[in-house]
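The values are calculated or read from the model by the stated rules, or taken from the named source; none is laboratory data. All values reported here derive from a predicted model rather than from experimental measurement. Neighbour counts are summed over all protein chains in view; Cβ atoms, including those assigned to glycine, are modelled from backbone coordinates with ideal geometry. The area values use the complete protein model at the heavy-atom level, side chains included, leaving out ligands, DNA and RNA. Shrake-Rupley method; radii C 1.70, N 1.55, O 1.52, S 1.80 Å.
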Amino acid sequence: MKVSIITVVYNGEKYIDDCLSSVMAQDYGNIEYIVIDGGSTDQTLTIIDRYRDRIAQLVSEKDKGMYDALNKGISLATGEVLGILNADDMLASPQVISKMVERLVVADADGVYGNLNYIHPETGKIIRKWISKPFTKRAIELGWMPAHPTLYLKRELFERYGNYSLNFGTAADYELMLRFLYRYQVKAVFLDELMVNMRVGGMSNASMKHRYHALVNDYRALKANQVPISLLTLAFKKLSKISQFLLI
């Protein structure tokens, strides 16, 4: 089973090597690695070039943002399963992809997701842990969601239900998960393994203004996918993060 991993990057020279190395270290032999660069002006492309012989597709051009770039990667992917690895994140061990594929096959599922650590960008110290659980629609209504960077989905789902929408800002990943898991009820199963180490930070938390817009877009994503009592779901979603700090 071929697995396509997509990394989107723009001026990511500081951490891109860690990201690339974690993919190259995987013990699973059938990985198609796709890197979409937004036209970086730093040393990002020089670093990527060190791994060029193991990158199936490399595109470097201006885009309309992260989710537009992800959609470009999806359009190029030929694997049966697709996953996303952000440019400043890392696969947590060399066995992540092989364990993911095994879980997908044994469960005869449409998708797999697992656990994630938020780490300090410089020290690598764990800030909080996102320990997931088996999926239910009720859990989504109560504010739960899988960690997007750990989610691997069959490529045919994107063909059937669409790619990332550019109408939801930084909540595009949340909207896609609501659409696939809640609205269309694809079969996604939980792999109780640490899959990704994710550096803290990101677009939605850059400022109070960004946080406000992220909140609004989360609500719009819930309404678009017909999740009842969306305001309550949104409140539970924010409160659920508290438990992630208590696991340290």
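Determine the order of Arg52, Arg128 by accessible area, beginning with the largest, at a probe radius of 1.4 Å. Mind dumping the intermediate values first?
On the way: Arg52 90, Arg128 30 Å².
So, going from the largest accessible area down, we get Arg52, Arg128.
Rounded to the nearest whole Å², what accessible area per residue is found for the chain with the 1.4 Å probe?
Numbers: 11630 Å² over 248 residues.
I get 47 Å² per residue for this part.
How do Thr7, Thr170 rank by accessible surface area computed with a 1.4 Å probe, from largest to smallest? All intermediate terms of the calculation are to be shown ahead of the outcome.
Numbers: Thr7 0, Thr170 40 Å².
Order by accessible area, largest first: Thr170, Thr7.
Provide the percentage of antiparallel DSSP beta bridges, counting only those with both residues in the chain; round to the nearest 5. Each step should come with its number before you reach the end.
Working: 12 of 35 bridges.
Looking only at bridges with both residues in the chain, the antiparallel portion is about 35 percent.
For region 1-74, what is the charge dipole size about the Cα centre, in debye to the nearest 20, if Lys and Arg each add +1 at the Cβ and Asp and Glu each add -1 at the Cβ? Write out the running numbers ahead of the final one.
On the way: 8 positive and 12 negative charges, 34 e Å.
Roughly 160 debye, rounded to the nearest 20.
Taking the Cα centre as origin and putting +1 on Lys and Arg beta-carbons and -1 on Asp and Glu beta-carbons, what dipole magnitude results for region 37-128, to the nearest 20 debye?
That gives a dipole near 200 debye.
Determine which lysines satisfy two conditions relative to Lys14: a Cα distance under 18 Å, and not lying fewer than 8 residues away in the same chain.
Straight-distance partners of Lys14: Lys125.
By the gyration tensor of its Cα atoms, with a ≥ b ≥ c the square roots of the eigenvalues, what is the shape of region 143-225: rounded for a/c under 1.5, prolate for a/b over b/c, or oblate?
Numbers: a/c = 2.01, a/b = 1.24, b/c = 1.63.
Note, shape of region 143-225 comes out oblate.
Would you kindly find the accessible area of Ser60, with a 1.4 Å probe and non-protein molecules such as ligands, DNA and RNA excluded, rounding to the nearest 10 Å²?
The accessible area comes out at roughly 60 Å².
Residue separation times 0.36 nm, minus the C-alpha to C-alpha distance between Asp42 and Gln57: what's the value? Before the final figure, lay out the partial values.
Values: separation 15, 0.36 × 15 = 5.40 nm, distance 2.01 nm.
Computed gain between Asp42 and Gln57 is 3.4 nm.
What percentage of the solvent-accessible surface of region 144-232, computed with a 1.4 Å probe over protein heavy atoms, is contributed by carbon and sulfur atoms? The partial results should precede the final answer.
Details: 2230 of 4230 Å².
On region 144-232, the fraction of accessible area on carbon and sulfur atoms equals 53 percent.
Quick check: pseudo-label points 7 Å beyond the Cα along Cα→Cβ at Met24 and Lys2, how many nm apart are they?
Inter-label distance under the simple model: 2.2 nm.
I need the GluC sites (Glu not before Pro) found in region 1-99, filtered to DSSP loop residues with at most 12 other beta carbons within 10 Å of theirs.
On the way: sites: Glu13, Glu32, Glu61, Glu80; in loops: Glu13, Glu61, Glu80.
In loop regions of region 1-99 (DSSP not H, G, I, E or B), the sparsely surrounded GluC sites (Glu not before Pro) are Glu61.
I'd like the distance separating the alpha-carbon centroids of region 93-153 and region 37-66, in whole Å.
Using only Cα atoms, the two centres lie 26 Å from each other.
Working from Cα positions, state the angle (0 to 90°, nearest 10) between the long axis of helix 96-107 and the longest principal axis of the chain.
The helix 96-107 is inclined about 50 degrees to the chain.
Tell me the net charge near Thr44. Cut-off is 11 Å between Cβ atoms, Thr44 excluded, with +1 for each Lys or Arg and -1 for each Asp or Glu. If you can, show how the numbers build up before the last one.
Numbers: positive: Lys14; negative: Glu13, Asp17, Asp37, Asp42, Asp49.
Cβ neighbours under 11 Å give a net charge of -4.
Would you please give the residues with an amide H less than 5 Å from that of Ser40, counting only those at least 5 places away or on a separate chain, with H modeled from the backbone geometry?
Asn11
How far is helix 66-76 tilted, in degrees, relative to the longest principal axis of the Cα atoms in the chain, given as a value from 0 to 90 rounded to the nearest 10?
With rounding to tens, the tilt is 60 degrees.
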